[in-house]
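Read through the structure below, which is laid out as structure tokens, and then see the notes.
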Amino acid sequence: MLSRIAEALFWIGRYVERAEDTARLLDVQLQLLVEDPWIDEGTACANLLSVMGAPLEDAQDGDGAPAPRADRRTVLDRLGYDPYSSASIVASIGGARENARRARETVSTEMWEVLNTAYNTVPTGRWRAVSPHTFFAWVRDRTSTVTGIADSTMSRDDGWLFLVLGRSIERADMTARLITSTASLGGPASRWPSLLRACGAHETFLRTYRGLEDETEAAEFLLLDRLFPRSVVHALAQAEKCLAELESSGQRAGVFDEAQRRLGRTRAELEYRPLADVLAHLPDEMERVQRTCSAASDAVARRYFSSGEALTWMGGRA
Amino acid sequence: MTPGASHGVDAGGGLFDGYAEAALASGAWDEMFTADMGVRETSAPVHAALAGTELRDLRGRADALASSYQDKGITFAVGGEERPFPLDVVPRVVSAQEWSVVEAGVAQRVAALEAFLADAYGPMRAVEDGVVPRSVITSSSHFHRVVAGIEPPNGVRVHVAGVDLVRDAEGAFRVLEDNVRVPSGVSYVLTNRSAMAGAMPQAFSDQRIRPVAAYPRRLLAALRAAAPVGVDDPTVVVLTPGVYNSAYFEHALLARSMGIELVEGRDLVCRGGRLLMRTTAGLRPVHVVYRRVDDEYLDPVHFRSDSMLGCPGLVNAARAGNVTLANGIGNGVADDKLLYTYVPDLVRYYLGEDPVLPNVPTWRLEEPEAREEVFDRLAELVVKPVDGSGGKGIVIGPAATAVELDQLRERVSADPRGWIAQPVVRLSTVPTLVGEKIAPRHVDLRPFAVNDGSRVWVLPGGLTRVALPEGELVVNSSQGGGSKDTWVLADDRPDDPAPVRSRSVAVPPAPSAPPDAGPGGGGAADVRDQQQQQQQVQQRVQQRAGGATC
């Protein structure tokens with residue numbers, strides 16, 4: 001498989017997952033803003049933006065303009081509708097579609113059409129008119145369709161592995177961000193159910209823990225559950241599995257692939273440290289997961305997608 | 001106008017209002033109506049289908065076509081913006097007889113050009129025998145000496161050709177120009193057909209239209225046949241300039257439907273006279289490149305040194321016989337418009353046959369007498385640059401201002417080799433949905449031919465391009481043209497056995513078992529479900545009874 005195509009599939013996986021998770025996260029956070037009387041909108045929104053890696057710029061030096069205050073609108077814009085903000089859902093859909101366009105001969109026609117129609121619907125501006133909740137539901141619907149079509153139409157070759165690899169790395173990263181965003185709010189534990197709902201995990205969680213709702217258990221579930229597909233540990237393990245299959249040379253000792261090594265180490269750290277220890281430093285731990293994901297993504301790119309650098313031909317006749 | 005004629009037009013129920021007048025005024029051959037406005041036999045089913053359609057319905061179908069193209073990403077880029085490829089709802093019908101002429105003529109022309117290219121980059125016999133002046137070949141801007149002496153493995157340089165045809169005022173097909181470099185548009189032939197099958201199903205069922213879906217298979221077979229000697233299972237790739245190329249959609253569609261890799265220049269690397277592509281499993285050899293990159297950008301070692309679209313060393317790899325380029329480099333010398341004037345002679349010289357399809361009469365402006373005559377009649381002629389494509393640089397005399405004509409005169413005098421002149425050809429017209437009515441619009445036709453080394457196969461169909469502005473004679477997609485699905489009717493000759501054979505193997509399927517039923521299916525309810533329902537009914541009855549006693 002061509003390196004360039006592998007890269008495109010990897011990024012389709014990442015972008016689609018990012019769009020979905022951002023929609024999930026925004027949906028629940030904006031709901032909390034409305035429901036929870038103890039939350040300060042400005043702080044919460046600023047937190048959210050910084051967790052998602054799109055913090056507001058500091059006030060312009062000197063000219064005395066007041067620092068822009070984060071509110072619902074800014075959050076919706078920067079993480080939802082603004083095609084120029086790299087963390088927004090719309091930008092993610094655009095990114096996924098652009099990569100699918102580049103890998104047009106590999107991506108199945110159905111999958112391409114879903115991504116393309118989603119992308120074509122975005123700039124119509126119709127989404128700003130409906131409630132954000134409808135928009136998020138639509139995004140979840142589209143991304144699920146893409147995932148489902150990929151699942152039922154792609155052959156399980158290297159291309160599939162790269163797609164799932166991208167998706168898993170992104171999922172680990174986004175779940176970590178979700179946990180940070182909720183943990184950073186502090187306050188009553190009643191926010192954890194919303195977080196679980198954002199991951200679509202509430203019912204599973206209730207069944208697993210028999211209705212004992214507790215902050216520790218919720219965090220444990222989202223971090224460490226080996227069976228729930230959106231937990232950090234499951235996503236990391238899935239990514240490791242893809243990398244191992246791509247490697248496909250039975251190694252006797254250790255792990256050769258850098259990305260796999262990084263992901264495995266972080267997963268082991270999470271799994272084998274006492275839970276209380278992890279919870280005590282939750283934001284730091286989550287940041288470490290994010291750093292690992294980003295480093296693993298770079299390592300995959302270096303190893304498999306190395307056609308990137310453009311050659312310049314210095315003609316002898318010049 | 002005769003009474004019988006007006007009857008034929010009125011049958012459209014208003015759709016064809018004003019069509020007769022417009023068709024007469026254009027003075028061209030109309031492909032649906034005869035001169036007295038009777039419906040031609042081949043177009044009768046389409047006409048009937050249109051006549052049974054309301055305008056609103058037709059408009060709706062046209063809009064549905066456009067939006068389905070947008071969704072499917074069947075677009076072409078104009079100035080970086082993606083637009084749906086315009087497809088008209090009214091198809092163009094070509095009868096089996098007419099097509100047999102086109103088919104024979106195109107195949108003949110491709111064979112002659114193939115022989116000419118082998119000659120031009122080889123012994124130049126035609127020059128020695130006085131058929132073509134040497135200067136016409138060597139002064140062509142697409143004559144590349146670097147490929148002289150490179151002998152393609154199966155002798156094919158023109159793997160794919162697109163020959164642009166027009167029908168003159170008598171309805172005869174004539175060749176307008178040849179395209180043997182990187183002819184594009186075939187993807188729209190394929191997508192137009194499947195889109196039309198959805199938009200006009202009844203017209204399809206009324207006649208037998210020859211399918212076009214075999215094209216990718218034929219192309220792949222031809223490309224595989226062109227593989228270097230000794231390669232049993234060649235790796236074939238499509239080389240595209242990239243997603244920003246206006247024909248990117250076509251490159252992707254062809255690669256996808258042939259099931260081969262679509263590569264960009266940066267995916268390729270030449271080592272030791274071999275061409276390799278970068279894959280996740282390292283470098284892998286490539287044997288045949290169906291390249292959609294122009295000659296000038298293909299290899300920075302030999303052509304433009306600033307090109308990022310090609311791969312350094314490609315020409316050397318081809319010369320070493322390790323990779324085949326399709327189409328060959330330097331083919332442009334054969335579709336140079338000055339050489340075009342010699343093609344009928346080339347057909348007689350190489351094949352010993354008379355040309356099936358005539359050229360459009362053409363003046364070679366490098367000949368002083370011709371130039372003088374053309375300058376006198378400039379306002380009634382069409383003047384074209386010899387190496388232009390996409391309708392660029394064409395000056396249509398009747399539509400040009402005096403100032404433009406003066407400028408043209410200067411430019412032609414400065415570079416007479418660079419120009420040819422032709423009379424204005426009244427391109428045939430086909431009914432086209434324009435705004436709220438159907439009106440005659442001028443069309444051309446680009447059939448595609450694939451040469452696998454043993455025979456030249458002509459795709460039954462082709463890209464019909466429509467000039468959408470009224471009276472406009474320049475037909476080109478990059479200049480706001482539309483397109484039509486081109487239906488070639490099948491005749492009952494036995495050499496087209498596909499439908500017959502498929503009918504004979506149609507065996508009624510054996511009855512199979514119904515699908516397995518699971519709990520909660522729509523079928524017979526589970527006994528437990530029924531009991532639950534009964535219990536609910538009983539409870540309700542009891543409650544009601546209890547209520548009554550209270």
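The values are calculated or read from the model by the stated rules, or taken from the named source; none is laboratory data. Everything numeric in this text was worked out from a predicted model, so none of it was measured. All Cβ positions, glycine included, derive from the backbone under ideal geometry; neighbour counts span all protein chains shown. Surface accessibility is based on the protein's heavy atoms, side chains included, excluding ligands, DNA and RNA. Shrake-Rupley method; radii C 1.70, N 1.55, O 1.52, S 1.80 Å.
What does the buried accessible surface come to for A and B, summed over both chains, with the probe at 1.4 Å? Round to 100 Å². Walk me through the numbers before you get to the answer.
Values: alone 16070 and 25480 Å², together 38850 Å².
Roughly 2700 Å².
For the protein assembly as shown, what is the charge dipole size about the Cα centre, in debye to the nearest 20, if Lys and Arg each add +1 at the Cβ and Asp and Glu each add -1 at the Cβ? Each step should come with its number before you reach the end.
Working: 92 positive and 114 negative charges, 361 e Å.
Result for the protein assembly as shown is approximately 1740 debye, rounded to the nearest 20.
What shape does segment B:361-424 have by the C-alpha gyration tensor, where a ≥ b ≥ c are the square roots of the eigenvalues, rounded means a/c under 1.5, and otherwise prolate means a/b greater than b/c and oblate the rest? Note, shape of segment B:361-424 comes out rounded.
Mind checking segment B:388-455 for trypsin sites (Lys or Arg not before Pro) that DSSP puts in a loop (not H, G, I, E or B) and that have at most 13 other Cβ atoms within 10 Å? Don't skip to the answer; put the middle values down first.
Working: sites: B:392, B:409, B:411, B:417, B:426, B:437, B:441, B:455; in loops: B:392, B:426, B:455.
Passing sites in segment B:388-455 are B:392, B:455.
How many angstrom lie between the C-alpha centres of segment A:122-176 and segment B:182-258? Rounded to whole Å, the Cα centres lie 30 Å apart.
Comparing B:356, B:45, B:229 along the charge dipole axis of chain B, the residue lying farthest to the positive side is B:229, per the Cβ-charge model. The charge dipole of segment B:361-424, taken about the Cα centre with unit charges on the Cβ atoms of Lys, Arg (+1) and Asp, Glu (-1), comes to about 260 debye, rounded to the nearest 20. Taking every protein chain into account, the 1.4 Å probe leaves residue B:350 with about 40 Å² of accessible area, to the nearest ten. Note on A:99-108: average number of Cβ atoms from other chains within 10 Å of each residue's Cβ is 5. The helix-based estimate of mean residue ellipticity at 222 nm for chain A, built from -39,500 (n - 2.57) per DSSP H run of four or more residues and divided by its residue count, is -22000 deg cm²/dmol to the nearest 500.
Solvent-accessible surface of protein heavy atoms, probed at 1.4 angstrom with all chains present, puts B:464, B:42 in the order B:42, B:464, largest first.
Scattering from chain B was approximated by placing one identical point on each alpha carbon and applying the Debye formula without solvent; log10 I(q)/I(0) at 0.05 1/Å stands at -0.27.
The accessible area of residue B:362, taken with all protein chains in place and a 1.4 Å probe, comes to roughly 40 Å². log10 I(q)/I(0), Debye, Cα-only the protein assembly as shown, no solvent, q = 0.08, 0.10, 0.11 Å⁻¹? Taken in order of the listed q values, log10 I(q)/I(0) reads -0.90, -1.18, -1.30. When Rg and the Kirkwood Rh are both derived from Cα coordinates, the Rg/Rh ratio for chain A amounts to 0.99. The heavy atoms of residue B:29 present about 60 square angstrom of accessible area, all protein chains included, probe 1.4 Å.
Candidates B:401, B:424, B:413 compared by Cα position along the dipole of segment B:371-437: farthest toward the positive end lies B:424, with charges placed on Cβ. At a probe radius of 1.4 angstrom, the accessible area of segment B:361-424 per residue rounds to 51 square angstrom. Of all the options A:33, A:163, A:243, the one that moves most in a Gaussian network model of chain A with Cα springs shorter than 10 angstrom is A:33. Shown for chain B are the DSSP H helices of 24 Å or more along their axis, judged by Cα atoms, with a mean Kyte-Doolittle hydropathy of at least 0.5: B:96-120. Shape class for segment A:155-307, computed from the alpha carbon gyration tensor (a ≥ b ≥ c): prolate, with a/c not under 1.5 and a/b above b/c. What whole-number distance in Å separates the alpha-carbon centres of segment B:277-329 and segment B:435-474? One Cα centre to the other: 31 Å.
Can you list the DSSP H helices in chain A whose Cα atoms extend at least 24 Å along the helix axis and whose mean Kyte-Doolittle hydropathy is 0.0 or higher?
Numbers: long enough: A:3-35 (48 Å, 0.13); A:132-153 (31 Å, -0.23); A:158-183 (37 Å, 0.35); A:282-304 (33 Å, -0.73).
Membrane-span-like by this rule: A:3-35, A:158-183.
Mean per-residue shielding of peptide B:188-200 is 0, counting Cβ atoms of other chains within 10 Å of each Cβ. When you count the other C-beta atoms within 10 angstrom of each residue and take the mean per peptide, A:231-239, A:126-134 line up highest first as A:231-239, A:126-134.
Close Lys pairs in the protein assembly as shown (alpha-carbon distance under 21 Å; sequence gap of 8 or more, or different chains): 5.
At a 1.4 Å probe radius, which order do B:371, B:274, B:157 fall into by accessible area, largest first?
Details: B:371 55, B:274 135, B:157 15 Å².
If we order B:371, B:274, B:157 from most to least accessible, we get B:274, B:371, B:157.
A simple charge model with +1 on the Cβ of Lys and Arg, -1 on the Cβ of Asp and Glu and nothing else charged puts the dipole of chain B at about 1980 debye relative to its Cα centre.
How high is the relative contact order of chain A? Use alpha-carbon pairs under 8 Å, at least six apart in sequence, and give a whole percent. All intermediate terms of the calculation are to be shown ahead of the outcome.
Values: 385 pairs, mean separation 73.1, N = 318.
Across chain A, relative contact order equals 23 percent.
Think of chain B as a dipole: +1 on every Lys or Arg Cβ, -1 on every Asp or Glu Cβ, centred on the Cα centre; then among B:68, B:347, B:24, B:68 lies furthest on the positive end.
Rounded to the nearest 5, the antiparallel percentage of DSSP beta bridges internal to the protein assembly as shown is 75%.
For the peptide A:297-304, the mean number of other protein chain Cβ atoms found within 10 angstrom of a residue's Cβ is 1.
Remark: relative contact order (segment A:155-307) = 31 percent; criterion is Cα-Cα distance under 8 angstrom and separation of 6 or more residues. Going from the chain on its own to the full set of protein chains, segment A:1-47 has these residues losing 20 Å² or more of accessible surface (heavy atoms, 1.4 Å probe, no ligands, DNA or RNA): A:1, A:2, A:3, A:4.
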